[in-house]
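Report on the structure given below.
Throughout, read-outs are computed from the coordinates displayed, never taken from laboratory work. Just so you know, these numbers come straight off a predicted model, no measurement behind them. Please note: Cβ atoms are built from the backbone with ideal geometry, for glycine as well, and neighbour counts cover all protein chains shown.
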Amino acid sequence: MSETTTDTLEQHIANNISGETWEVVHYLAMALKADNEGKTEVARTLRYIAMEEAAHGARFKYLAGEVGDLREEIEKMLAGEEGAFDGKHEGMKQAEAAGNKEVASFFDTAAHDEGRHAAMLRDLLGRYF
Ligand SMILES: [Fe+2]
Ligand SMILES: [Fe+2]
């Protein structure tokens, strides 16, 4: 999504949120490649940039009023984490069926992460809301 001079302010903000979001993931993927090539300082710098891009996207999202009531937001994210847990297990099965062990293994690892994220959010809901 590129920005043009005819975009409204709302479009500029939306474009920035999606652009920064894409950059975070891409910079972090570049950092993994740099790690694998033994270029540690390159990886570290790319991760530093990724965190700043994440902060940009987050601030635009916040300023756009896209974060509502915290309890409701956490409940919404919890449902998403639970869905991600199931979806990643489905991806794991498909990767296994396709004989791609590396991808299957990562789907498994990431599914466990999603399960932990869900557990952490449940804990917050129980203790703070
Ligand atoms: Fe940025
Ligand atoms: Fe997650």
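Points to keep in mind about this one:
- Evaluation of Leu46 against (1) aliphatic (A, V, I, L, M); (2) touching a Phe, Trp or Tyr at 6+ places or on another chain (Cβ under 8 Å); (3) surrounded by 13 or more Cβ atoms within 10 Å (Cβ to Cβ); (4) touching a residue at least 40 places away in the same chain (Cβ under 8 Å) (one fails), failing number: (4)
- Residue that is of a type outside the set (Val, Ile, Thr), assigned to a helix (DSSP H, G or I) and farther than 30 Å from Asp35 by Cα, where the choices are Glu66, Glu81, Glu75, Glu53: Glu75
- If the condition is being more than 16 Å from ligand 1 (Cβ to nearest atom) and loosely packed, with under 14 Cβ neighbours inside 10 Å, then the range 53-74 contributes Gly65, Glu66, Val67, Gly68, Asp69, Leu70, Arg71, Glu72, Glu73.
- In the range 61-73 there is at least one residue that is among the acidic types (Asp, Glu) and closer than 21 Å to Glu114 by Cα.
- Members of the range 107-129 found to be farther than 26 Å from Lys93 by Cβ and without any contact (Cβ under 8 Å) to a residue 12 or more places away in the chain, listed by number: Asp123, Gly126, Arg127, Tyr128
- Condition check for Ala104: more than 16 Å from ligand 1 (Cβ to nearest atom), in contact with an Asp or Glu (Cβ under 7 Å, 6 or more places away or on another chain) and in contact (Cβ under 8 Å) with a residue 40 or more places away in the chain: no
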